[in-house]
Structure formats: C-alpha cells, structure tokens
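The values are calculated or read from the model by the stated rules, or taken from the named source; none is laboratory data. Computed from a predicted model, the values in this text were never measured in an experiment. As a convention, Cβ positions derive from the backbone with ideal geometry for all residues, glycine included, and neighbour counts pool all protein chains shown.
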Amino acid sequence: MLAVLLGVQPVTTDLMLPAMPLLGRQLGASMAAVQLTMSAMILAFGVAQLVWGPLADRWGRRPVLLGGLGLYVLAAAGAALATSAIQVVAWRALQGAALAVPVVCARASLRDLYAPAEGALVMARAMSGLGLIAICSPPVAGVLVSVFGWRASLWAMAAAGAGAWALIAWHWPETRQAANPGAAASPPLATQAGRILRHPVFLTWTALVTCSYGGLFVFLSGSGHVLIRVLGIPPAQAGLVMSTSSLAYIAGTLVCRRWLLRHGLVGSVLRGSGFTLAAAVLLGLQAWSDARSVWSVMAPVWLYALGHGVHQPCAQAGSVGPFPHAAGAASALAGFVLAAGAFGTGLWLGTALDDTTRALALGMSLAAACALGVIWGAVRRLREPWHG
C-alpha cells in the first residue's frame, strides 16, 4: 500500500517524459515552456505539502488521502484536455498540489506505525515497489505517445490516480494514533515548524534527499529531450532506455535494505556515497566530452540511481524520525524543501538544454557533488540511534 501511494509520484513524472518533446511541437511551445510542465508541478507539490501535512495531523491520513487523490484525477484529466501550453502548465500545477497528498500521508503513516530505524527498512521495501512502478511508466508512456499522442500519458495518470483512490477507499486504515486538534492552528503550527526547522537531524537528512533528488529531477526533466531530440531515439525505445534507471534504483534500494540491518542509517548512506562519487566523476567527463551514445549518457545515470536508491529511503525516514507527534508537519517541510530545490533546478535546465548532452550531465554531476558534501560533512557526524 505504501508503494502504491509513493508510486503516484513516478507516475506523475515518468509518464510525462516521452510526451514532452511532442507536446512542445504540437502546441508550438518553447523548451522553457515545456520544462514548466514539470517545474510548475514540482513547485506546487512542495508548497501544497505545507498545507496537507498539518491537515493530515489534524483530520487524519485517510480523509485527506481520498480528497487529494480525487483532486489529482481531476487535474490530470484537465491537462489532457488542454489546448495550449499555459493550460497544461496550470493543470499540471494543480496536479502537483494534489500529488503532495499521497506522498505526505505515506511518510506520516510510516512514522505513525514504526520507529525510525525500522521505518527506514519499511521505506526501503516500499521504494523497491516504487521502482517497479517507475520501470513500467516510461515504456508505457513511450508506446502511448507513439500510438495516441502526448495526451494519452495524462489520461494514463488519471486512470492510475483513480485506481489509487479506489484502493485507499477499500483498504487503507487510519494510522494516526490520536487526534491533534491544534495541528492546523496558526500559532502552534508556527511553533512546531520552527522547532522542526531548527533540528539538526531534520536539516541534515532533508539536505541529503534534496540534493540527491535534484539530480534525479534533472534526468526526469531532461532525458526526453536528450534521448529523443539529441540522440534521435524514437519515443517508444526512449521510454525503455529511461526505465533502466529505475532498475538501477531498485538495485540501490535492495542494497540499502541489506546495509540497514548491518550498518544503520548513517553507515548505509556513507557506503552509498561510493556510487554517488563514481557517478559524479563520469557525469563530469560526459559534460566535458559530449559523447553521443546511449551508453555514455546512461552508465553514469545508473550509478547515480544506485546511490539515490540508498540515500532516499534513509533520508526520508531520518527526516521525520525525531517527530513522532508531528510527522505530517515534518514530512511536509521536508517535501517543500525538496520541491523548491527541484523547481530551481528545472528553471535552470529549461534555459540550459541545447543540442548537446552537456546540460543533463552537468546538472546531475553538480547534484551528486552537493549530496557528497552533505554526506561527508554532516551525515557522518550524526549519532545513531538519535533521540528527538
């Protein structure tokens, strides 16, 4: 169930990847406008978490989930019916706001039910399931786009959202242990947010997941352009190539699950930094050489995804770990910071993408370097287990 909720996010991003070049051509949109369909979505995703997190603490996870997933289906259908790029951007922003619900509630429910160390193991298992969803999304989108056009990807998102809504309606229990009537009130909320934002454990893990996801977002936003336009790969085949990054990500989550049992959160992330370092070096070489082959572009991405598969479960569980009674608010703040970083990355990428592979490789290399800085400068200093 957790994998299904978290899997709505790769459905929202990965199903769009092969559709973006065709969307731009058919609607006469610039590269910057096409990138906004991703950037606006991720910004709204981050801002909306600041609303949904406290509401989930106040009213419970289940009712917020049902309302948010219903809004998601509506927004996906609206984007599919849009007649201009600006309409697609607006509907995608609403879709991003709705997407925040399953992600916030999934992380908060995890903290409802598990202690941080155990929660990291459960999160790693759920991330393996998320990876399976991410594997399927680009190839499915590639076929849909090739046969039916770019709108088919958005209709597929609406169908996936409806399926998730039905699953929650029939099977999801309320995980919040006790009501928190003041969770959404302004003065207590501001006090709680300040306490969370000052906590060194929260700051460290949130910085890591923000940097690591930033590089992944560069790939998500730019891979369609690089593979289809620069390398000339047909959309259906490009979707298959994109999905290989998810295979590497799943492998990373499986490694993470094994390392967590032996080395804990900090030890696992320190070991995963080896994948990230190798990716940073190869991506830097790719940015310098602009080699035009699938192998030269994707091999560093696979190493990056391996590292991300270790860092993401640990960082997401770690960021909410010290706040068992405010997991929704902590999850929302962490998600906002992540999304704000991805939004800035997307704006830069919209202007940097050209007829080379350099922008994609450079953006991912810089994100890897930032993640390594956080790991070696801050994560390694954390005590484990910590006490909030």
Taking only the range 143-181 into account, find how many residues are part of a helix (DSSP H, G or I) and closer than 19 Å to LEU81 by Cα. 17
What's the total number of residues in the range 332-360 that are within 19 Å of MET38 (Cα to Cα) and either under 19 Å from the mean Cα position of the chain (by Cα) or without any contact (Cβ under 8 Å) to a residue 12 or more places away in the chain (or both)? 19
From the options LEU22, LEU69, residue that is touching a Pro at 6+ places or on another chain (Cβ under 9 Å) and farther than 23 Å from GLY239 by Cβ: LEU69
Tell me which residues, restricted to the range 17-27, are touching a Ser or Thr at 6+ places or on another chain (Cβ under 9 Å) and under 16 Å from VAL241 (Cβ atoms). LEU17, PRO18, ALA19, MET20
If we scan the range 351-366, do we find a residue that is out of contact with any helix residue (DSSP H, G or I) (no Cβ under 6 Å at 6 or more places or on another chain), modelled with pLDDT of 90 or more and assigned to a helix (DSSP H, G or I)? yes
Mind checking which residues of the range 274-310 are polar (S, T, N, Q) and crowded, with 21+ Cβ neighbours inside 10 Å? THR276, GLN286
Inside the range 35-45, can you point out the residues that are of a type in the set (Val, Ile, Thr) and touching a residue at least 60 places away in the same chain (Cβ under 8 Å)? ILE42
If you go through the range 218-230 one residue at a time, do you hit one that is under 17 Å from LEU306 (Cβ atoms), in a helix (DSSP H, G or I), modelled with pLDDT of 85 or more and not small (Gly, Ala, Ser)? yes
How many residues are within 17 Å of ALA330 (Cβ to Cβ) and of a type in the set (Gly, Ala, Ser) if we restrict to the range 17-59? 4
Could you list, in sequence order, the residues of the range 251-263 that are of a type outside the set (S, T, N, Q), surrounded by 21 or more Cβ atoms within 10 Å (Cβ to Cβ) and within 13 Å of LEU132 (Cα to Cα)? GLY252
Assess whether ALA98 counts as being buried (at least 24 other Cβ atoms within 10 Å of the Cβ) and farther than 25 Å from ALA141 by Cα. no
Output the qualifying pairs, or none if there are none: Cβ atoms under 7 angstrom, residues six or more apart or on different chains, first residue in the range 255-278 and within 19 Å of GLY321 (Cα to Cα), second residue among the small types (Gly, Ala, Ser) and not in a helix (DSSP H, G or I). none
